[in-house]
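Just below is one structure, and these are the notes that go with it.
Values quoted throughout were computed directly from the atomic coordinates according to the rules given, and no laboratory measurement underlies them. This one's a predicted model, so the numbers in the text were calculated from it and none came from an experiment. Note that we place each Cβ from the backbone using ideal geometry, even for glycine, and neighbour counts take in every protein chain shown.
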Amino acid sequence: MTFKHKCGVCGEVLIPAYTQYGQPIFICPNFKGRTTKYGNNLYTLEIWCDLQPQQPHIKPPPFRPQTTQQKRAYETSLKYDGMFETFQKIVANRYLTELKTHTYGILSEIELLKQTNLALELELPILKIPLLFQNAIKLGRALGLHPKKAIEAISKGIGRKSWMILDNIGITIKRGLKNEDWVQTAIQKVLQKGSELPDPTNEEIENFKIDAETENGLIRQGKKFRAR
């Protein structure tokens, strides 16, 4: 027997519950035994739920400035949003380009963002981060560390003011320095020591790029899936 009647409250299809005196009874799957609402059907007894019917979402009308002051404020706000969006895009793109250049393009885009966000959260100077990443890679190369491990060590060592973390990557900081002097001293040490070391070879760079391109490919593929 196919029953296609629906609950008059929530719209769910009613299901057979039991039979009383030979009369079929159909009940809403959302019925919880609270206030019983009965449907009006000549041949069957319908038990509806007591859920509140969902109200359709009504989009409010767009704002229309009424006064001269409102119009001026509205247009100024629109202009600001457009300028700020452009500013964000230009600055972000240029900064990411600088980061990619200083890290020899051997980190995937998601790994580069991860390491940059970590450095920013640890309050490393934003203008120094590209150079710190570059020298971290060179320091890590001298010790056989993967670039992302070396970058993470430099960020955490400086950000957390940990002489032990930096010591593990070849940077020695004199103990007893004040907090304001500690960060500057650590940055200078990293940049100075890193400048004395050679850059990774083209063969090393290409080898690291294999994993980076694989992850970048996943990002592009995922974007296509999400755009469908």
Subject >> Where labels lie 7 Å past Cα in the beta-carbon direction, separation of Leu120 and Glu180 in nm >> reply: 2.6
Subject >> Potential lengthening between Leu78 and Val91 on full extension [0.36 nm per residue; Cα-Cα distance subtracted] >> reply: 2.7 nm
Original post:
Share of Cα-Cα pairs in the range 133-187 beyond 18 Å, in percent?
Top reply: 25
Original post:
So who's got an amide H within less than 5 Å of the one on Ile27, skipping anything under 5 residues away but keeping other chains? H placed 1.01 Å off N, in plane.
Top reply: Ile15, Ala17, Ile47
**OP:** Note down the nm distance, to one decimal, between modelled labels 7 Å out along Cα→Cβ at Gln69 and at Lys209.
**Re:** 6.0
**OP:** Taking the convex hull of the Cα atoms, report for the range 67-211 its projected area averaged over all directions, in nm².
**Re:** 11.1
**OP:** Subtracting the Cα-Cα distance from 0.36 nm times the residue separation, let me have the gained length for Asp167 to Ile25 in nm, one decimal.
**Re:** 43.4 nm
Subject >> Cross-link pairs beyond the 30 Å C-alpha cut-off, checked among Lys128/Lys209; Lys79/Lys128; Lys128/Lys224 >> reply: Lys79/Lys128; Lys128/Lys224
